[in-house]
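What follows is a single structure, written as structure tokens, with notes after it.
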Amino acid sequence: MTWTLHPDVSTVDTDYGTVLLDGRDGRYWQLNPTASLAFRALVDGSTVQETAERLMAVYDVDEPRARADVERLMTDLRQAKVVREA
């Protein structure tokens, strides 16, 4: 499954992760570095499994936890209509 950022949502990378701003209603989300890495990987075309493997390579986390975190992040962002399936 490929994800794309909603066209009305802009991103800014900071020292603390990534900020997503929804131009439709002014809501914003602050992603920590871990969520930022996962978010970028997924919208750049990586699968959930590939993204989980990236998290495992960078952080001390096992596969079930990494995969669950990636899936939860994308579920939350999809429900907020920040991302959508491409």
Would you kindly find the accessible area of Leu55, with a 1.4 Å probe and non-protein molecules such as ligands, DNA and RNA excluded, rounding to the nearest 10 Å²?
10
Probe 1.4 Å, accessible area per residue of the chain, Å²
61
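Give me the percent of accessible area attributable to carbon and sulfur for the chain, probe 1.4 angstrom.
Working: 2550 of 5240 Å².
That fraction is 49 percent.
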Loop only by DSSP, 15 or fewer other Cβ within 10 Å of the Cβ. Give me the trypsin sites (Lys or Arg not before Pro) in the chain that pass, ordered by residue number.
Arg24, Arg27, Lys81
Taking only the alpha-carbon positions of the stretch 5-86 as identical scatterers, the Debye log10 I(q)/I(0) at q = 0.12, 0.15, 0.20, 0.23 Å⁻¹ comes out as -0.32, -0.50, -0.87, -1.11
About the Cα centre of the chain, how large is the charge dipole given +1 on each Lys and Arg Cβ and -1 on each Asp and Glu Cβ? Please answer in debye to the nearest 20.
280
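The values are calculated or read from the model by the stated rules, or taken from the named source; none is laboratory data. Note that the coordinates shown come from a computational prediction; the quantities given were computed from them, not determined experimentally. Virtual Cβ from ideal backbone geometry, glycine too; neighbours counted across all protein chains shown. These area figures cover heavy atoms from the full protein model, side chains too; ligands, DNA and RNA do not enter into them. Shrake-Rupley method; radii C 1.70, N 1.55, O 1.52, S 1.80 Å.
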